[in-house]
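These notes concern the structure reproduced below.
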Amino acid sequence: MNILTTLVEKTQEAITQLYGLSDTNISFEQTNSKFDGDLTFVVFPYLKHSKKRPEDTAKEIGDYIFNKMKAIKSFNVVKGFLNIEFSDDYWLNVLQSRIDHGIQIPEIGVNKKIVVEYSSPNTNKPLHLGHIRNNVLGFSICQIFDAVGYDVVKNNLVNDRGIHICKSMVAYEKWGNNETPQSAGLKGDHLIGKYYVMFDQYYQKEVKDLISKGVDKDEAKEKSSLMMETRNMLQKWENGDQEVFTLWTKLNNWVYEGFESTYNRLGVNFDKIYYESNTYLLGKEIVQEGLDSGIFFKKEDGSIWIDLTPEGLDEKIVQRSDGTSVYITQDIGTADLKYQEFKMDKFVYVVGNEQDYHFKVLQLILKRLGKSYADGLYHLSYGMVDLPEGKMKSREGTVVDADELMDKVVATAKKQTEELGKTDGMSSKELDELYEVLGLGALKYYLLKVDAKKRMMYDPKESIDFQGNTAPFIQYTYTRIASLLRAADKVNFSLPITFHSIEKELIKQLNAYPEVITSAANNYNPSEVANAIYDLAKTFNKFYHELTILGELDSNTRSFRISLSKTVGETIKHGFGLLGIQVPERM
RNA sequence: GCACUCGUAGUUCAACUGGAUAGAAUAUCGGAUUUCGGCUCCGAGGGUUAGGGGUUCGAAUCCUCUCGAGUGCACCA
């Protein structure tokens, strides 16, 4: 029996007995660390029924439950706050049970399937910092869902066709000289990115020239020969032109190879990959369906719309007058495809918050269409990553490249580790792995510790800082524990034991950990896990500093401390696993 | 112009979703090791939670206005 449920039960009983009030919504919160106690009950809401001062009301309720529960050691009252403290035995049993049964996570997702779409890159240029946030976030939330029992499908929808890739194709055809990733010594995605940039440069120049000849700006953009060639290329692609198709395949494959290595290094992967070139025609039957049932309507020019003004939004086009589909049509189609394929209970899109409106509309349309799965749609909307100088702008070359960034953090990890010189006896292969674990850990943690919904600042200097709220700090804590355990005998401790307040604090944090995971899952927010693990590491370091472990003379206490340390280490490793970050045994 | 999001120590972020004296990290300054890994630990200063008004036992959190920042409002994706 969970102590919290008993506590709620007894408190309800007290309130019924004392004030004749039943079926109230009793809730406890963690006691603020500045006060004594483990859990706190706030009595203010009950004052009008008790008709007594806050202090007296809290005292009354406290007396009642104190007499009914052995596990309560004491309670104290500050104003309207009833702080309850559990017995040491209770906390020791919590640790013992944790040691016996491992981390017990409430299985809130059991027998439920969830499809998480993340990453979803365009194949015209390499990944950048913003994509890293997306990937790391998407992967982590999948780990978290998995931990709470969901059947998770990691899904990527690759945006491999359209006008953007045609731009690279046109540029490559014109100026590429059959260059290959090998001949250029570039990753495939970087090579294609080079041509995309090249296209844009020539295109801008052409538009500028046209304008200087007196052509109107919009017209210049239309009339640019490069743009016309690109549209022509797209047309040919859609008509299945063999030559264009061959070129497209070649360039895209290079990009995939490049992405593959970036994904590998980042440690992310997918169970199901959709390619837009296969799915972009989907959704048209559904549009027809909606038109037949009167949910959509046709305008005079033949374009098809939905009226969302009753929901406070606008009219939204779902099919062009020429019969071709728009972005949202494809999304309707792929949502349906996902459902046909997976019959999922929930489906999540990890996409930046600039598309908030789009996903609101998508969900509304699916609801209007009567799709049973519409309620399961969730847009995990994350904020953009800013630089100290402001927004990342590809035009101004301030975009932080993913591969370069990873190189940089790993190099920093190497430098810092060498300065410390604690890695004697490790092979160069082991060292290289270690630098990856530390460098990428630092980067991922930096991105994950911030609430996913919020926009964040990426400060290059701070991200390679290894002190404070960082992955290396936590990894260091882990290696300390690992080192400790290498030197320790196998141990058991027995009750009772008297323990220090820091030890109790550690047990409380360990005890709260499973709830952190379910909360992170419910809020689609890995940062909750990151912050909990950080707090745990911080508390452990304090414990480690203030108390001796291996040198403790009382063998029962020593065993207890070793067991406690071991459990902390396991929890750090587990939490970091949920974030997609590894921990080293030595560093 | 309309819609949405945001504004918290110098800086980067927290605050259990309405609870107690708003916490960390970083930077600055000052301390700690004959002892298990000093990438550690302890301490100090630093805040009118952008500003005004309201709701109530109680507001960083909810409502409202003002100011400031960002995003979205394509027969682009």
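The values are calculated or read from the model by the stated rules, or taken from the named source; none is laboratory data. The shown structure was predicted, so the numbers you read here are calculated from the model rather than taken from an experiment. Cβ atoms come from the backbone with ideal geometry, glycine included; neighbour counts cover every protein chain shown. Areas reflect the complete protein model, heavy atoms only, side chains present, ligands, DNA and RNA absent. Shrake-Rupley method; radii C 1.70, N 1.55, O 1.52, S 1.80 Å.
Based on DSSP H runs of at least 4 residues, each adding -39500 (n - 2.57), what is the mean residue ellipticity at 222 nm of chain A after dividing by all its residues, to the nearest 500 deg cm²/dmol? Present the calculation step by step, with values, prior to reporting the outcome.
Numbers: 22 runs with 327 residues, N = 587.
Helix-only estimate at 222 nm: -18000 deg cm²/dmol.
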| said: What do you get for the angle between helix A:225-238 and the principal long axis of chain A? Use alpha-carbon atoms, 0 to 90 degrees, nearest ten. | reply: 70 degrees
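Give me the dipole magnitude in Debye, nearest 20, for chain A about the Cα centre, with unit charges on the beta carbon: positive for Lys and Arg, negative for Asp and Glu. Before the final figure, lay out the partial values.
Numbers: 71 positive and 83 negative charges, 159 e Å.
Around 760 debye, computed over chain A.
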| query | Per the 1.4 Å probe, what fraction of the accessible area of chain A, in percent, lies on carbon and sulfur atoms? | reply | 49 percent
| task | Work from the charge dipole of chain A (Cβ charges, +1 for Lys and Arg, -1 for Asp and Glu, about the Cα centre) and give the residue of A:54, A:575, A:530 farthest towards its positive end. | result | A:54
| remark: Expressed in angstrom and rounded, the centroid-to-centroid distance over alpha carbons for the range A:230-301 and the range A:137-181 is 11 Å
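Mind putting a number on the dipole of the range A:3-86 about its Cα centre? Charges go on the C-beta only, +1 for Lys and Arg and -1 for Asp and Glu, and I need it in Debye to the nearest 20. Could the numbers behind the result be given before it?
Details: 11 positive and 11 negative charges, 44 e Å.
Dipole about the Cα centre, nearest 20: 220 debye.
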| field | Most positive-pole-ward Cα, A:287, A:129, A:148, against dipole of chain A from beta carbon charges | value | A:148
| the range A:162-268, relative contact order in percent, only Cα pairs under 8 angstrom and at least six apart counted | 39 percent
| Any idea which of A:253, A:2, A:332 is furthest toward the positive side of the dipole for chain A, if Lys and Arg beta-carbons carry +1 and Asp and Glu beta-carbons -1? | A:2
| request: Over the range A:75-219, calculate the relative contact order: mean separation of alpha carbon pairs under 8 Å at least 6 apart, over the residue count, as a percent. | output: 23 percent
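How big is the Cα convex hull of chain A in projection, averaged over all directions, in nm²?
Values: hull surface 139.9 nm².
Computing the convex hull of the Cα atoms and averaging its projections yields 35.0 nm².
Assign unit charges at the C-beta atoms only (+1 for Lys and Arg, -1 for Asp and Glu), then state the dipole size of the range A:162-268 relative to its Cα centre in Debye, rounded to the nearest 20.
Working: 14 positive and 16 negative charges, 54 e Å.
Roughly 260 debye for the range A:162-268.
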| C-alpha long axis of helix A:402-420 to longest principal axis of chain A, angle in ° | 40 degrees
| request: Only bridges with both residues in chain A count here: give the DSSP antiparallel percent, nearest 5. | output: 50 percent
| note | Rounded to the nearest 10 degrees, the helix A:3-19 long axis (Cα) sits at an angle to the longest Cα principal axis of chain A of 70 degrees
| field | Average Cα contact separation per residue, chain A, under 8 Å, 6 or more apart, as relative contact order % | value | 15 percent
